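*Asks:* So that we are looking at the same thing, I have put the structure below in structure tokens.
Read-outs throughout are calculated quantities, based only on the coordinates presented, and are distinct from any laboratory measurement. From a predicted model like this one, the values you see are computed outputs, not experimental measurements. Glycine also receives a Cβ, built like all others from the backbone with ideal geometry; neighbour counts cover every protein chain displayed.
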Amino acid sequence: MVIRSSDLDLDFIREVSKISGDTVKSCFQCGTCTGTCPSGRLTSLRSRTIIRKAILGLKKEVLSSAAIWECMICFKCHEQCPRGVNIPNVMLALRNLAVREGVAPPEGYLKMGKSVLEEGAVQPPQEVVTRDFESFTRASFNLPDLSKPADLSKFSRVLTEVGLRKAIGG
Amino acid sequence: MPKLDVDLVEIKGAACCGFPLNSLDNLTWTYLTSRNLALCEDQHLDMLPVCNGCHLSMCEVKHRLQSDPALKEKINALLASEDLRYEGKVRVRHMIEVLHDDVGPEKIRNVISKPMAGLKFAAHYGCHAIRPSELGRPDDSRNPRKLETLIGALGARWDVYPERLDCCGAGIAVSAGESSLKIAGAKLQKLRAAGFDGLVTTCPFCMRMYDARQEAIGALLGAETSFPVFYYTQLLGLCMGTDQTTLGLELNMSPVDEVLQKFQATTA
């Protein structure tokens, strides 16, 4: 692959570390993270490659890759990293930046974001089904309603101010 | 839990901990987590987040706000709209810490009336109960023992197994559904052959992967993944003589009946 200097955004890693913390700059490319990654065995995620490209400043390529969404945030790599890089937090920072650049996240994240904005929870209370296919609600078990913010419209306003509505493209 | 001198009340006004939304916007996560911490402070409660991910969120945000006063002020300015303020006093406990460190295996041994002899369980901690160790998790990241000790306190047997510290896969359920099921399946496929009667966890997200998604995992892998999965608190309740309906055992989607029958046979 040919890397042209015009493709590099040298400020990119600073943007990343503003969210993820400074540890990312210490990476010396040993590859322990990719070796310990349980997701990478099945998905396109190669943590070492992502971090190298991010440090180089290949912003567009990194932010548009599906791989940054395939990290399970399990912290196995972080426990093993000899340089103390918080790789899961780097992946989360890259996702944040991708969203800011207008990359569409996997659909489920948008649904959860919308539901939190409107109801305070990632999904409304569900009916549950027993192994014998009987359905129950909280009320049928005499359980009280789930807690939620007393004033949902105020809650939603603050979250909009924080930036959630913008993040889900609403 | 009252029999163990632990009183449980719901947090009034609680919302999502924000963990899944950290993928979209870091400040949204920080705000939502702080808001729940502030509610606990306002209501003079210690916090017991049931889910590993919620627990890590609370601990991580507590740490961030403590080390970044400017961020804390920014969050407090946002919380003021609901007359909330986060000071940093709230104590956050994990289910494993409450049961192992606060209640203790000795008390559990004394309070149970029906010990679980003859059954052998595999413990599943879940990633965020043990990692990242730099934030001080409920148990050791490389060789945790608390959940096994708690299983032992019920009179049941336990053993370690190679996949013990592995992830349940829930973290990519949204972005890579099939891979997530395969990761959960990798553990389920090993347990029966390893001589276990059941898998035990405390985390609802892990529980969802191993229990509720079990049929989907089996269908995807075309392999035998059917295996009983329990919350630790369900086993504790059984040993304390609590009835199965109260423990919600009919809501486990995995084949728990085989374990329940063995348990009843030994305690009848």
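*Asks:* Under a 10 Å cutoff between Cα atoms, tell me which one of A:129, A:85, A:103 has the largest fluctuation in the Gaussian network model of chain A.
*Replies:* Of A:129, A:85, A:103, the Gaussian network model singles out A:129 as fluctuating most.
*Asks:* Right, another one. Taking the number of other C-beta atoms within 10 Å as the exposure measure, put A:11, B:101 in order starting with the fewest.
*Replies:* A:11, B:101
*Asks:* Moving on to the next point. For the range A:18-40 and the range B:83-155, what is the separation of their Cα centres, given in Å?
*Replies:* For the range A:18-40 versus the range B:83-155, the Cα centre distance is 29 Å.
*Asks:* Would you mind listing how long the range B:95-267 runs along its three principal axes, going by Cα atoms, in whole Å with the largest first?
*Replies:* Rounded to whole Å, the extents work out to 45, 40, 28 Å.
*Asks:* Let me ask something additional. For a quick size check, give me the Cα extents of the protein assembly as shown along its three principal axes, largest first, whole Å.
*Replies:* Per principal axis, max minus min of the Cα coordinates gives 76, 51, 38 Å.
*Asks:* Here is a follow-up. What does DSSP give for the protein assembly as shown in terms of the percent of beta bridges that are antiparallel, rounded to the nearest 5?
*Replies:* Bridges in the protein assembly as shown that DSSP calls antiparallel: roughly 20 percent.
*Asks:* Okay, next question. How big is D, in µm² s⁻¹, for the range B:2-82 by Stokes-Einstein at 37 °C and 0.692 mPa s if Rh is the Kirkwood radius over C-alpha pairs?
*Replies:* For these conditions, the coefficient is 247 µm²/s.
*Asks:* Compute the projected area of the convex hull of the Cα atoms of the range B:1-150, averaged over all viewing directions, and report it in nm² to one decimal place. Mind showing how you got there, number by number?
*Replies:* Numbers: hull surface 40.6 nm².
Computing the convex hull of the Cα atoms and averaging its projections yields 10.1 nm².
*Asks:* Additional query: If one computes the Cα centroid of the range B:19-48 and of the range B:179-258, what distance in Å separates the two points?
*Replies:* If you average the Cα positions of each part, the centres end up 29 Å apart.
*Asks:* Now for a separate question. If you take the C-alpha gyration tensor of the range A:17-134, multiply each eigenvalue by 5 and take the square root, what semi-axes do you get, largest first, in whole Å?
*Replies:* 31, 18, 13
*Asks:* What residue among A:147, A:44, A:17 has the largest mean-square fluctuation in a Gaussian network model of chain A, using Cα springs under 10 Å?
*Replies:* Between A:147, A:44, A:17, it is A:147 that shows the largest mean-square fluctuation.
*Asks:* Oh, and also: What share of all Cα pairs of the range B:187-237, in percent, falls into each consecutive 5 Å distance bin?
*Replies:* With 5 Å bins starting at 0, P(r) equals 4, 22, 29, 25, 15, 4, 1.
*Asks:* Which order results if B:16, A:30 are arranged by neighbouring Cβ count within 10 Å, fewest first?
*Replies:* Going from least to most buried by this count: A:30, B:16.
*Asks:* Can you run the Rg to Rh ratio on the range A:107-167? Use alpha carbon positions and the Kirkwood inverse-distance Rh.
*Replies:* 1.11
*Asks:* Give a residue-ordered list of calculated ³J(HN,Hα) values for the range B:235-240 (Karplus: 6.51 cos²θ - 1.76 cosθ + 1.60, θ = phi - 60°; whole Hz; x for Gly, Pro).
*Replies:* 5, 4, x, 4, 5, 8
*Asks:* Hey, got a sec? Which chymotrypsin sites (Phe, Trp or Tyr not before Pro) in the range A:21-100 land in a DSSP loop and have at most 10 other Cβ atoms within 10 Å?
*Replies:* A:28
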